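Each value in this text was obtained by applying a stated rule to the coordinates, not by laboratory testing. What you see is a predicted model; the values in this text were computed from it and never measured. Cβ sites come from the backbone with ideal geometry, for glycine too, and all protein chains shown count toward neighbours.
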Amino acid sequence: MDTAVKKYTFKDFASDQEVRWCPGCDDYVILRSMQKALPEMGIKKEDVVFISGIGCSSRFPYYMDTYGMHSIHGRAAAIATGTKLANPELSVWTITGDGDSLAIGGNHFIHVLRRNVNINIILFNNEIYGLTKGQFSPTSLIGQKTKTSPYGNTQPPFSPGVLAMGANARFFARLAGNNPKEMTKTFIEAEKFQGTSLIEVMQNCVIFNDGCFTQYTDKTVREDKQLLVEHGKPMIFGKEKNKGLILNGLKLEVVTIGENGVKEEDILIHNAKEHDNTLHTMLAKLEYPMVTGIIRASEELTYEQREDALTKEVKANSKFTKVDDLFFSGETYEV
Amino acid sequence: MAIKNKEEALDHVVIRFVGDSGDGMQLTGMQFTDTSAMFGNDVATFPNYPAEIRAPQGSLYGVSGFQVHIGSVEICTPGEDLDLLVCMNPAALKTNIEALKPGHTIIVDTDSFTKKNLEKALYASNPLEDGSLNNYRVIEVAMTSLTKEALSGMGLDNKSITRSKNMFALGMVYWMYHRDMEHTLDFFKKKFAKKPIIAEANSKVLKTGFYFAETLELIPNSYVIAPSKMPKGQYRIINGNTATAWGFLAAAEKSGLELFLGSYPITPASDILHELVKHKHFGVKAFQAEDEIAGVTSAIGASFAGDLAITTTSGPGLALKGEAVGLAMILELPLVIVDVQRGGPSTGLPTKTEQSDLLQAMYGRNGESPLIVIAASTPANCFDWAYEAAKLTLEHMTPVLLLTDGYIANGSEPWKIKSINDMPSISNKKIAAGSNSEAWNVYDRDTETLARAWAIPGTEGFEHRVGGLEKDKTTGNVSYVPKNHEYMTKIRAEKVQRVQNSIPDLKADFNEEGDLLVVGWGGTFGSLHSATKKLAEDEGLKIGHAHFNYINPMPKNTAAVFAKFKKIIVCELNNGQLVMLLRSNFPEFIFSQYNKIQGLPFGANELTQKFKTLL
């Protein structure tokens with residue numbers, strides 16, 4: 001079999017289907033960033049599988065010229081688990097949204113992270129139900145007025161990152177929906193990472209929740225409101241590159257370099273690989289600055305690796321190679 | 001009152017071991033079963049235990065029982081009227097005495113007939129003293145004290161000592177039925193290899209019980225049951241759940257595919273998962289999922305990637321899986337769903353049997369969503385039906401729902417072992433690597449079966465998308481075209497219907513024409529077969545028995561079989577589900593029905609009585 005990987009361009013990954021998201025939707029940015037990232041990953045097109053649930057985001061697989069399944073609401077992570085276990089050689093991507101993964105599919109979401117199946121999950125978070133036309137979601141804010149909360153939402157939201165840390169996610173990145181460059185880069189990193197990679201995209205819904213992340217993502221404010229972390233680098237942000245994070249007791253604190261005697265070397269260095277996720281959880285929780293980039297990337301054995309090792313061990317020690325060995329073994333008798 | 005021991009030859013006997021759920025009755029029963037099978041008897045078993053793992057000691061609802069039917073003749077059911085009842089406490093006596101034939105034998109542990117235990121069993125007076133058991137032969141044995149005595153000085157704790165009293169009872173029964181102790185003694189050695197003192201204690205108690213019975217002149221009879229005339233070959237005792245698991249192992253090996261099981265624990269189906277997790281040496285991927293839905297959806301993911309994928313559950317779990325099964329159906333991927341039925345609705349009777357999921361299996365999904373539905377009918381043939389389910393799903397590219405039930409899943413019988421070489425071949429629709437994809441469309445169909453091809457990820461040039469939205473009849477792209485939806489709905493139904501072309505005819509046993517046709521499906525085979533046999537062979541009545549294993553679609557000749565009989569009675573352990581399908585499919589016939597919804601199998605006597613009213 002031919003093992004060389006062809007040189008692909010982003011066009012090789014675009015299907016013949018017309019993209020049907022609303023004009024101006026961040027989903028287009030994610031799609032295009034993915035089509036650009038895939039040729040850089042060194043994997044064969046036929047080895048790529050996109051599996052989605054239900055929702056606007058979940059139409060994604062139809063637009064990718066790879067293997068794909070648009071499944072049922074909330075179940076993509078469980079389906080992807082089966083696909084990956086069946087063939088660990090595949091590059092398996094789950095496309096999901098805040099309703100799909102954090103409401104109806106919450107159980108599969110936490111368990112896939114717990115098991116650490118080597119798949120990639122892109123969570124399109126727009127803090128609203130789009131496809132069903134504007135109901136609040138598990139990430140909608142308190143007070144948010146939606147079709148099902150005309151007087152304001154009274155259900156406190158999940159923070160996807162914090163939930164993921166609670167489920168022991170080994171890889172978590174958060175990205176702005178209007179930052180294709182960072183997306184492409186992060187998708188490549190997610191594919192390299194051995195284990196479940198979760199990427200939350202703060203995705204604007206132009207119709208039902210327009211401007212939901214503008215306070216962090218608008219070009220005029222983003223440098224001041226977002227902290228784009230990078231492993232091994234100090235956590236510095238701001239137009240002037242003079243703001244940073246320090247640890248004050250058990251809390252993260254924003255400080256200004258040059259004020260009150262704060263020096264650049266006082267700023268925390270980001271360690272995405274740290275096994276203990278306490279600081280990663282605190283970073284995921286922050287609202288100012290909104291932390292973006294790869295917050296956590298701490299590898300350990302994947303579920304498939306553990307299964308594979310165990311299977312090899314059992315095979316090596318077993319007297320059974322064919323089912324007949326089993327059927328005729330033990331307590332049989334002649335009539 | 002010494003009665004001389006005598007030997008009596010019997011062609012079959014039914015024995016029930018009953019006690020507290022912690023008394024080890026299941027193990028005692030299985031040992032007696034294995035020993036009898038190895039001796040050459042035909043056997044059938046029926047474990048009957050409470051849902052509570054350790055219900056309060058001595059309580060009526062904590063009684064656990066194991067019934068075994070052994071014979072020198074063909075044994076199709078675990079029997080109903082008992083020849084011997086072994087009771088470890090008053091609650092066990094109270095809940096089981098009705099099943100014992102008058103004049104027959106009870107062995108009781110008198111040590112357990114304390115005031116407290118009698119009260120717990122709601123006895124106003126001690127049945128051993130008040131004459132209420134005068135119609136039976138009661139053998140009173142102080143089993144607990146005799147066990148303690150036998151084990152004194154071994155340095156065992158009290159709990160370990162009392163726990164081995166079941167072996168005293170087994171020893172007695174071994175002597176009564178001329179069974180050899182060797183198999184059980186061997187079993188102890190293996191099971192307690194790391195605790196030789198426990199092995200020794202159990203062996204000692206078993207022998208003590210055996211010799212006690214031998215010397216006890218109170219036991220009036222011992223019984224001889226000759227080996228039965230079963231076809232020659234190598235056998236083993238197997239229960240339905242193990243046989244189901246092994247059927248899938250065989251199908252995976254024969255088809256050259258890897259087996260993937262996605263499952264979530266549920267009574268009485270968990271034993272299939274317990275069995276398949278053991279077989280990593282065959283490359284089995286048995287995945288215990290976070291819930292029922294992940295069980296089936298992980299299997300769908302594995303099927304998409306090219307594994308032989310199955311999911312196992314019981315009624316409540318099937319309800320949860322419904323939407324995903326519909327997905328597998330519209331994707332037209334191979335998938336086997338096993339429903340080991342239990343008493344419903346809702347949580348119902350988890351440890352009891354019922355056939356009340358048939359309509360759920362047929363229709364329990366949104367939209368027009370037909371599946372192939374088949375049912376196993378005996379513990380051992382669960383092997384064949386699991387194998388057949390895998391073969392059908394792979395060859396027809398549509399999900400298969402296999403129904404078994406708690407009765408055959410937990411019941412066991414001799415299985416004439418099948419070698420993989422004796423099993424029919426299984427083909428699949430996978431597209432070979434290197435195939436040319438130019439003329440291929442996702443929903444191109446085989447002209448005979450209407451099955452589509454199975455293009456699995458990793459196959460170059462066949463990249464495609466599938467999904468739960470209605471798809472274009474050729475490309476598989478999303479389609480809302482009205483006529484296309486109607487076409488696709490009909491062709492998916494037609495694909496299931498065409499399975500008729502590859503399944504055998506329905507047969508009527510005993511008589512191919514006559515006055516009454518007994519119709520059943522699934523796990524009631526043994527009861528219906530025995531009852532019909534009795535009337536047809538012993539009494540010469542014109543009665544036949546037709547049993548469905550293929551339910552959707554039904555065999556082509558079904559109407560022709562029905563037409564040969566004056567009357568038809570449909571017998572089911574539900575409120576009338578198959579009969580509803582039959583009335584809809586075959587409105588030209590009149591169907592009587594006999595239904596039982598007690599969480600218990602049919603008894604042969606109730607059936608013969610009912611049938612006689614129609615003859």
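Please list 3J(HN,Hα) in residue order for region A:237-254, calculated via the Karplus relation 6.51 cos²θ - 1.76 cosθ + 1.60 where θ = phi - 60°; whole Hz, with x for glycine and proline.
Those phi angles translate into 8, x, 3, 8, 6, 10, 9, x, 10, 10, 9, 10, x, 9, 10, 7, 9, 8 Hz.
Return the FRET efficiency for the residue pair residue B:481, residue B:438: r is the Cβ-Cβ distance, R0 is 22 Å, and the value is rounded to the nearest 0.05. Intermediate results must be reported in sequence, preceding the final value.
Details: r = 25 Å, r/R0 = 1.13.
So the FRET efficiency works out to roughly 0.30.
From the residues B:152, B:95, B:178, which one has its Cα farthest along the dipole of region B:54-186 in the positive direction, the dipole being from +1 and -1 charges on Cβ of Lys/Arg and Asp/Glu about the Cα centre?
B:152
Return the Rg/Rh ratio of region A:254-335 with Cα-based radii and a Kirkwood Rh.
Values: Rg = 27.2 Å, Rh = 18.5 Å.
A ratio of 1.47.
Once the Cα gyration tensor of region B:6-225 is found, what semi-axes does its equivalent ellipsoid get, as square roots of 5 times the eigenvalues, in whole Å, sorted largest first? Walk me through the numbers on the way to the answer.
Numbers: eigenvalues 106, 104, 58 Å².
Over the Cα atoms of region B:6-225, the ellipsoid semi-axes are 23, 23, 17 Å.
DSSP loop (so not H, G, I, E, B), at most 10 other Cβ within 10 Å: list which trypsin sites (Lys or Arg not before Pro) in region B:155-208 pass both filters. The partial results should precede the final answer.
Numbers: sites: B:159, B:163, B:165, B:179, B:189, B:190, B:191, B:194, B:204, B:207; in loops: B:179, B:194.
Here the trypsin sites (Lys or Arg not before Pro) that fit, given the DSSP loop and packing criteria, are B:194.
Which one, B:493, B:84, B:50, is farthest towards the positive end of the dipole of chain B when Lys and Arg carry +1 and Asp and Glu -1 on their Cβ?
Farthest towards the positive pole: B:50.
Name the long-range amide H neighbours of residue B:137: under 5 Å, sequence gap of 5 or more, or other chain; modelled H, no Pro or chain starts.
For residue B:137, the qualifying residues are B:103, B:104, B:105, B:106.
Taking only the alpha-carbon atoms of region A:177-296, what semi-axes of the equivalent ellipsoid follow from 5 times the gyration tensor eigenvalues under a square root, in whole Å, largest first?
On the way: eigenvalues 115, 78, 32 Å².
Over the Cα atoms of region A:177-296, the semi-axes work out to 24, 20, 13 Å.
Can you give me the distance in nm between label points at residue B:159 and residue A:286, each placed 7 Å from the Cα along the Cα-to-Cβ direction?
Going by the 7 Å Cα→Cβ label model, 5.4 nm.
Report the Cα centroid-to-centroid distance between region B:1-60 and region A:133-184 in angstrom, as an integer.
Going from one Cα centre to the other spans 60 Å.
When a/c reaches 1.5 or more, the comparison of a/b and b/c decides; with that in mind, is region A:45-87 rounded, prolate or oblate per its Cα gyration tensor? Walk me through the intermediate numbers first.
Details: a/c = 3.42, a/b = 1.11, b/c = 3.07.
Cα axes put region A:45-87 in the oblate bin.
Using a cut-off of under 20 Å, list every residue of region A:200-222 whose amide N is near the label point 7 Å from the Cα of residue A:262 along the Cα-to-beta-carbon line.
A:216, A:221-222
Residues in region B:413-442, backbone N under 14 Å from the label point at residue B:229 (7 Å along the Cα-to-beta-carbon vector): list them, ranges by number please.
Of the residues in region B:413-442, none has backbone N under 14 Å from the label point off residue B:229.
Please arrange B:615, B:392 by counting, for each residue, the other beta carbons lying within 10 Å of its beta carbon, fewest first. Kindly include the intermediate steps, with their values, before the conclusion.
Values: B:615 14, B:392 24.
Ordered by Cβ neighbours within 10 Å, fewest first: B:615, B:392.
To the nearest 10 degrees, how steep is helix B:292-304 against the longest Cα principal axis of chain B, on a 0 to 90 scale?
Taking Cα atoms only, the helix is inclined about 50 degrees.
Check each of the GluC sites (Glu not before Pro) in region B:410-497 and keep only those in coil by DSSP with at most 15 other C-beta atoms within 10 angstrom; list them in order.
Numbers: sites: B:438, B:448, B:460, B:463, B:470, B:486, B:494; in loops: B:438, B:448, B:460, B:463, B:470.
Answer by residue number: B:438, B:448.
Go ahead and run the numbers for FRET between residue B:221 and residue B:152, Cβ-Cβ distance against an R0 of 25 Å, rounding to 0.05.
Details: r = 31 Å, r/R0 = 1.25.
Efficiency, rounded to the nearest 0.05: 0.20.
Going toward the positive end of the dipole of region B:236-422, with +1 on Lys and Arg Cβ and -1 on Asp and Glu Cβ, which of B:294, B:346, B:408 do you reach last?
With unit charges placed on the Cβ atoms, the residue in question is B:408.
Projected area of region B:236-422, taken from the Cα convex hull and averaged over every viewing direction, in nm²? Don't skip to the end; give the middle numbers.
Numbers: hull surface 36.7 nm².
The Cα convex hull of region B:236-422, projected and averaged over all directions, gives 9.2 nm².
Each label point is 7 Å from the Cα along the Cα-to-Cβ direction; what then is the distance between the points at residue B:566 and residue A:254, in nm?
It is 9.4 nm.
Using only alpha carbons, build the gyration tensor for the protein assembly as shown and give me the equivalent ellipsoid semi-axes, biggest first, whole Å. Mind dumping the intermediate values first?
Values: eigenvalues 710, 245, 119 Å².
Equivalent-ellipsoid dimensions as semi-axes: 60, 35, 24 Å.
Over its Cα atoms, what ratio of radius of gyration to 2.2 N^0.38 Å does region B:468-615 give?
Working: Rg = 19.3 Å, N = 148, 2.2 N^0.38 = 14.7 Å.
The value comes to 1.31.
Within region B:416-514, list the chymotrypsin sites (Phe, Trp or Tyr not before Pro) lying in a DSSP loop whose Cβ has at most 15 other Cβ atoms in a 10 Å radius.
Details: sites: B:440, B:443, B:454, B:462, B:480, B:487, B:510; in loops: B:440, B:443, B:462, B:480, B:510.
Hits after loop and neighbour filter: B:440, B:480.
For residue B:274 and residue B:489, FRET efficiency with R0 = 41 Å and r from the beta-carbon atoms, rounded to 0.05?
Working: r = 39 Å, r/R0 = 0.95.
Once rounded, the FRET efficiency stands at 0.55.
With N set to the number of residues, divide the alpha-carbon radius of gyration of chain B by 2.2 N^0.38 Å and report two decimals. Provide the component values of the computation, followed by the final result.
On the way: Rg = 26.6 Å, N = 615, 2.2 N^0.38 = 25.2 Å.
Here the answer is 1.05, to two decimals.
Go through region B:344-356 residue by residue and turn each phi into a ³J(HN,Hα) via Karplus (6.51, -1.76, 1.60, θ = phi - 60°); whole Hz please, and just put x for glycine and proline.
Once θ is set to phi - 60°, the couplings for region B:344-356 become x, x, 6, 5, x, 10, x, 9, 10, 9, 6, 10, 8 Hz.
Taking a spot 7 Å from the Cα of residue B:74 along the direction of its beta carbon, which residues of region B:540-580 have an amide N less than 20 Å from it?
What the label zone holds, given the 20 Å backbone N cut-off, is B:540-550, B:571.
May I ask for the distance between the Cα centers of region B:538-615 and region B:201-248, given as a whole number of Å?
For region B:538-615 versus region B:201-248, the Cα centre distance is 35 Å.
Please give the charge dipole size of region A:68-220, origin at the Cα centre, charges +1 on K and R Cβ atoms and -1 on D and E Cβ atoms. Round to the nearest 20 debye. Write out the running numbers ahead of the final one.
On the way: 13 positive and 10 negative charges, 35 e Å.
With only Lys, Arg, Asp and Glu charged at Cβ, the dipole is about 160 debye.
Would you compute, for the Cα atoms of region B:1-105, the largest minus smallest coordinate along each principal axis and list the three values in descending order, in whole Å?
40, 36, 19
Once the cut-off is 19 Å, how many percent of the Cα-Cα pairs in region A:9-85 end up in the long-distance tail?
Numbers: 1044 of 2926 pairs.
Summing the P(r) of region A:9-85 above 19 Å gives 36 percent of all pairs.
Given labels modelled 7 Å from the Cα in the Cβ direction, how far is it in nm from residue A:6 to residue B:498?
My value for the distance between the label points is 3.2 nm.
Is it possible to state the helix-based mean residue ellipticity at 222 nm for chain B, with each DSSP H run of 4+ residues giving -39500 (n - 2.57), the sum divided by total residues, to the nearest 500 deg cm²/dmol? What is it?
Working: 20 runs with 213 residues, N = 615.
The helix-only estimate for chain B comes to -10500 deg cm²/dmol at 222 nm.
Order of B:423, B:25 from fewest to most other C-beta atoms within 10 Å? List each step's numbers first, then the result.
On the way: B:423 19, B:25 27.
With the fewest neighbours first, B:423, B:25 line up as B:423, B:25.
If you plug each phi of region A:318-335 into the Karplus form 6.51 cos²θ - 1.76 cosθ + 1.60 with θ = phi - 60°, what whole-Hz ³J(HN,Hα) values come out, in order, with x for Gly and Pro?
Using θ = phi - 60°, the values come out as 8, 8, 9, 10, 10, 4, 4, 4, 6, 4, 9, 8, x, 8, 10, 8, 9, 10 Hz.
I'd like the distance separating the alpha-carbon centroids of region B:268-314 and region B:65-134, in whole Å.
Cα centroid of region B:268-314 versus Cα centroid of region B:65-134: 41 Å apart.
Between residue B:521 and residues 5 or more places away or on another chain, which pairs have amide H atoms under 5 Å apart, with H built 1.01 Å from N, and which residues are they?
Amide H neighbours of residue B:521: B:548.
What ranking of B:474, B:398 emerges when the number of other C-beta atoms within 10 Å of each C-beta is taken as an exposure proxy, fewest first? Provide the component values of the computation, followed by the final result.
On the way: B:474 13, B:398 26.
Taking fewest neighbouring Cβ atoms as first place, the list is B:474, B:398.
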